[in-house]
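First up is the structure itself, then whatever we jot down about it.
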Amino acid sequence: MVSTTSSSKTQLVNSSNIKKLNGMRKKVLNEDTINPCIKRCEYAVRGELAIRAEELREQLEVNPDSLPFKHVINTNIGNPQQLGQKPITFFRQVTALIEYPDLMDDEHIEFTKQFFPKDTIERAKALLESMGGSSGAYSHSKGIPLVRKHVAEFIEERDGYPCSPEDIFLTAGGSQGVQTIIQLTIANENVGIMIPIPQYPLYSASIDMYGGKPVYYYLDESNEWSIDVNVRVLCVINPGNPTGQCLTEDTIKEIIQICHEERIIILADEVYQTNIYDDSRPFLSFKKVLRSMGPEYDDFELFSFHSVSKGMVGECGRRGAYFECTGIDKSVIDELYKMASVNLCPNVQGQVMVDLVTRPPKEDEPSYELYNAEITEIYDSLKRRASKLASFFNSLEGVTCHHPQGALYLFPKVVLPEKAITEARKLGKSPDTYYCLELLNNTGVCVVPGTGFGQVEGTFHFRSTFLPPEELFDEFIEKIKVFHENFMKRFN
Amino acid sequence: MYRKQQKYVMGRELDQKNYRNKVQKTKNKSQTFKSEKKDVQDYHDTKNIIGDELIYNIKELMRINSHPSLQINNLNVDNINQRVRDAQYAVRGELVTIADQMQRDISSGKRSDFEKVVFCNIGNPHAVGQKPITFIRQVLSLVEYPELLENPNVTLLYPKDVIERAKEYVIGSRNGVGAYSNSQGFDFVVRDVANFIEARDGYKADLKNIFLTNGASEGIQMFLNTIIRNNMDGVLLPIPQYPLYSALLTLLGGTKVNYYLDEEKGWGLSIQELNSAVTKAKMKGINVRSIVVINPGNPTGQCLEVDNMKEIIKFCHRENLIIIADEVYQENVYTEGKKFTSFRKVLLDMGEEYRDVQLFSCHSVSKGFLGECGQRGGYFEINNIDGEVRDQIYKLACTRLCPNTLGQLVVSMMTRPPKEGEPSYELYERERNAILSNLKERSILLTKELNAIPGITCERPQGAMYIFPRVELPTKFIEEAERLGKKPDFLWAKYMLEEAGVCVIPGSGFGQKQNTFHFRTTFLADQDTLKDATQRMRVVHERLLKEFS
């Protein structure tokens, strides 16, 4: 026993000497020794294309004439303000006052009143009081109580059913909330979480990260079903990302019925709830439909998500969001609170934005008129751009595209020429990735290949936002048109 | 045809016996479905009936994947991810919930035995009256509402350098704070951090290796998540420690390997202790991968000497350990003649031979003299970490899109404060010095006051924001706690909260040697508050001593 230990020690010393001799001592942490769950997870929205786009942007900064285009246009991500959407004045006035409350002291107030309407000052004061006087203090880990109360009121008004502030958790962006719930529900490696195909890759990435099994809704050959998988959660994105589809009341009901029967929890990603462009398809929350189904469904378990990053607000950088727990056991809410407390608190300015978005200025308040004008302008413009871009895609050879009912994206299908597919395979790339890279390198337009979201085998898609500013829209469309025609010519 | 297919009725009365048959049958059925996939797809394309197809697919999959015998019932504490259930995080536990309720009762007039609850449980300076640094908040307000910058009268409200800085941020971020930044953080903030690190350590920092985060905690979480593969991977944690580390290790499924700090030597860190901790863990088959060092210490306030750090690095070199250096209190050093030195500097000073020692270091805007906890700004830097690993960490950063932009700007201002000669410099320096000297005075006062209570002993902290005093508890009190099923130090802290109105955290939340009892208190409140608080604690403590003698 003793000799084994000493000999293995000698061996250790020897091997470390050898490593040193070669000057190549292997590091503790290397690609092969990290957490395999991290290695497994994929996240395309900021993958190869986004990295390449960043390289091109840097190149243009150094040498503006070195590429066939002047700007990189990021339509790979729903990031409205990056493409020039202006923030809503009311929101920013309040947040500015909260950052620098001295603006409201006796010395400054007269001056401040010239720039800030009365209601923004009142809002800022009330919010500051609710956070103990400074946005620099950690708040309650679930979020500032007043903000949670306002969120609950917003939900009650939207749905017509009661909502308790105790069931609301504020988070640093919707993604954090989704990850928390996925982590919570994956009790072992056999827990299955159903996600749509195509899907927003946050879901598959998080499931991989926490060691569960993704179960895709679309059936296809590559899906090896294992009978050991125990489906526990169904994720629904409504309005859909990347598909832009809005579910009808009947569909939602039926989904709830099946899940109720199977005792499956629903995770409803509703961050695009105000991005609705088809009047015949209004947004209905899962919570509202669930509650309309009567007491039989009182025990149904649902997590719903909303965020300030989307809608007409587009305050992505602020990382503000909330989730609501419906029918969730008190003991589980306590555990969620503990998880939240490990993160201390979501950033306070994100929470403030959640408050403002869920409680916009009322009709009789001084900020209402401007607020309403700004929101309407953004909404109308999004609707116009969505429709214009969809029609444009449909006009391209081999491209078909739905007119989106909601969200911020189009997910056109492209029939790629055989030769292009062969060329892509030769380069070791999926054909849609190859198409998107070519588009980026030739036009500066960055979209995300369908592979990142999942697609029926043999079909190719890409996701593009319709967020480029309206005044540049024709130019943007023209670029894609020229590229696409050349691409098709080249490979036909 | 397609619509007909969905009309099949769900059969939930399956039993294990015919389950496999059922699976096979369903697979066959879905084969049929798949062969018609093309048509369905076209139909879907034209009629846009996502709902029908979705439900069909969900039903199909559930028939196959739901496993009747394994069916987990509704989510409850026993069937959620058990790592979540097992994680402990005392800083915001039961006592804080009670304290919040007490404060609400006081505010609403239901309770009047004290004016307010004194929250000494968490390093949250602004919550106990510390004012933000003016320069930082002025810049942020302009960045929030850049229209002010266009108004000619803005110069009446804001100093020139504030306006310039705000303009720089508005332009530098390209589109203001409302857009997602790069997942690593704004380029210009990453550069500020790199320059700050270089000025501090005398060695250039690689931009690629700096990541902005939502508070330091997020970065620590990301890095531990990258390191830990399974429960055979161990991480050395100091005892006492900030419970974030133990909570994360439990959540991520790694193994905690404790090393004890030596209270007799001012909570010093001895290599002998590290050695024995590693040896013991190895005997259990644990692969010890990393060590967490909190410097200045939380909750101990201890600042490491450079010689000690060198020994630690040598030890890590020998044992192949990744160093996780939590340096969020680097500005909070109070003892005369003591100076913070980063692990990075010491490591790089040690030369080529140690270039394979891997290091993660983090910093935050929540501590120091900024105390901007609510902004959730922080960064981490990695050294000697392979590019492939760095890329994996980057991917992890991408899944949460970006750290909040305002927090990033606070990091920028922390690492690039106003310079001498700039209009804001004087006020900035005055505010900074006042906060730091207040903290120092309060740490001295609180140490003195606590030591005056019989049975409580502590040393003056060298740094950070906490004191971790030891309390001698009477045997009968310990027995009483056991009878109630509570930890003795928890029961004691509960008395302090409910009867003295002071919220401190029991030492068991941080870890302590068996049969010793401690608590952690911040020294952030003003002197009068601290005096009153300790006075009340003394009364309650003395009463407890009598009652349980």
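The values are calculated or read from the model by the stated rules, or taken from the named source; none is laboratory data. Just so it is clear, the model here is predicted, and its values are computed rather than measured. Methodologically, a virtual Cβ is constructed for each residue, glycine included, from the backbone with ideal geometry; neighbour enumeration extends over all protein chains shown. Side chains are part of the model used for accessible areas, which takes the heavy atoms of the whole protein and leaves out ligands, DNA and RNA. Shrake-Rupley method; radii C 1.70, N 1.55, O 1.52, S 1.80 Å.
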Using the beta-carbon distance between A:M293 and A:E189 and R0 = 35 Å, what value does 1/(1 + (r/R0)^6) give for FRET efficiency, to the nearest 0.05? 0.60
Could you tell me the center-to-center distance, by alpha carbons, between segment A:69-88 and segment B:392-469 in angstrom? 36 Å
Only Cα pairs under 8 Å and at least 6 apart count here; give the relative contact order of chain A as a rounded whole percent. 20 percent
Förster radius 25 Å - calculated FRET efficiency between B:N76 and A:E156, Cβ distance, rounded to 0.05: 0.40
Taking all protein chains together and a probe of 1.4 Å, list B:Y394, B:Y89 from the most accessible to the least accessible. B:Y394, B:Y89
Counting DSSP beta bridges with both ends in the protein assembly as shown, the antiparallel % (nearest 5): 50 percent
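Using Cα-Cα distances under 8 Å and only pairs 6 or more residues apart, what relative contact order does chain B have, in percent?
Values: 858 pairs, mean separation 98.9, N = 549.
Relative contact order for chain B comes out at 18 percent.
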Segment B:381-441: trypsin sites (Lys or Arg not before Pro) in DSSP coil with no more than 11 other Cβ atoms inside 10 Å: B:K419
On a C-alpha basis, how far is the centre of segment B:209-261 from the centre of segment A:342-369 in Å? Whole number, if you could? 34 Å
I'm checking a number: the convex hull volume of the Cα atoms of segment B:180-415, normalised per residue, in Å³. What is it? 118 Å³
Accessible surface of B:E422 in the full protein assembly, 1.4 angstrom probe, to the nearest 10 Å²? 70 Å²
Rg (Å, one decimal) plus Dmax (Å, integer) for the alpha carbons of the protein assembly as shown? 29.4, 95
Report, to one decimal in Å, the Kirkwood hydrodynamic radius for segment A:138-358 based on all distinct Cα pairs. 17.6 Å
Can you bin every Cα-Cα distance in segment A:170-295 into 10 Å intervals starting at zero and give me the percent of pairs per bin, rounded to whole numbers? 12, 42, 36, 9, 0
For chain B, Rg(Cα) over 2.2 N^0.38 Å is 1.16
Cubic angstrom per residue, convex hull over Cα atoms of segment B:206-302: 112 Å³
Antiparallel %, DSSP beta bridges [both residues in chain B], to 5: 50 percent
Can you give the FRET efficiency for A:S387 and B:D86, using 1/(1 + (r/R0)^6), R0 = 41 Å, r = Cβ-Cβ distance, to the nearest 0.05? 0.20
Dipole magnitude of the protein assembly as shown about its Cα centre, charges +1 at Lys/Arg Cβ and -1 at Asp/Glu Cβ only, in debye to the nearest 20? 2920 debye
Evaluate the relative contact order of segment B:246-349 (contact order divided by residue number), counting alpha-carbon pairs under 8 angstrom at least 6 apart; express in whole percent. 23 percent
Where in segment B:275-352 are there GluC sites (Glu not before Pro) that are in a DSSP coil and have at most 14 other Cβ atoms within 10 angstrom of their Cβ? B:E305, B:E336
Just to check I understand the Karplus step: with θ = phi - 60° and J = 6.51 cos²θ - 1.76 cosθ + 1.60, what whole-Hz values come out for segment A:453-462, glycine and proline as x? 9, x, 7, 4, 4, x, 9, 10, 9, 9
For segment A:138-358, please report how many Lys pairs fall under 15 Å Cα to Cα, leaving out neighbours fewer than 8 apart on the same chain. 5
In units of 2.2 N^0.38 Å, the Cα radius of gyration of chain A is 1.10
For A:K330, the accessible surface traced by a 1.4 Å probe with all protein chains present amounts, in square angstrom to the nearest 10, to 140 Å²
Treating the angle as unsigned and between 0 and 90°, give the value, to the nearest 10°, between the Cα long axis of helix B:134-144 and the longest Cα principal axis of chain B. 20 degrees
Sorted by accessible surface (1.4 Å probe, heavy atoms of the protein chains only), largest first, B:W267, B:W492 come out as B:W267, B:W492
Give the long-range amide H neighbours of B:N258: residues separated by 5 or more places, or on another chain, with amide H under 5 Å away, using H modelled in the peptide plane at 1.01 Å from N. B:L237
